[in-house]
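Contents: one structure, followed by commentary.
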Amino acid sequence: MKSMELNATHVAVDRKVFAASLPVLTFAHTMRIVGIVFLIEYSRGVLPAMFAFPVAFGEIFMGATAPFMTWLVASKRVTLRRLITWNSLGLLNLISAVTLGVLCSPSPLGILAKGVTTQALGQFPLVLIPTFFVPLLVIFHLISISRARYLDDGVK
């Protein structure tokens with residue numbers, strides 16, 4: 001009985017997730033333009049250059065290109081390859097951000113940490129980035145890739 005209830009819940013969640021608008025999921029990445037905060041925190045001596053520069057430029061790129069990708073998706077002018085490539089680049093940037101964050105941290109894994117570390121990312125308000133926004137954006141990318149590959153959204 002419990003198994004059937006969980007299965008029904010799972011199906012309902014799947015339907016809601018896959019009902020999400022692909023243009024809305026794509027446009028949500030516009031918020032990534034605030035990756036400039038990593039450069040600001042670097043200039044204040046709070047984050048290391050090894051982390052701040054690659055992550056900030058990747059985030060700014062994704063945020064700046066999100067409106068264009070949204071337009072392509074909404075107007076059904078995007079190709080499957082372009083959509084998957086864009087989402088894959090976004091995922092790659094998030095993965096590299098987490099990896100660099102750990103490697104530049106004041107932890108035993110922080111083999112790139114020299115002087116300034118990513119310790120500030122563990123304190124409010126910056127802690128919201130790795131604990132909330134990164135997982136949320138990863139989920140958006142995965143849903144978008146899944147929808148593009150398995151559903152007909154008018155993607156060429």
At q = 0.11 Å⁻¹, what base-10 log of I(q)/I(0) does the Debye formula yield for region 22-150 when every alpha carbon is treated as an equal point scatterer in vacuo?
-0.40
Using θ = phi - 60° and the Karplus form 6.51 cos²θ - 1.76 cosθ + 1.60, what ³J(HN,Hα) does each residue of region 132-139 get, whole Hz, x for Gly and Pro?
10, 5, 4, x, 4, 5, 4, 4
Net length gained if the chain between Ala64 and Lys114 were fully extended (0.36 nm per residue, minus Cα distance)
14.9 nm
Residue-span extension gain [Ser43 to Phe132] - 0.36 nm each, minus C-alpha spacing:
29.6 nm
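Values in this text are rule-based calculations from the coordinates and carry no lab data. What you see is a predicted model; the values in this text were computed from it and never measured.
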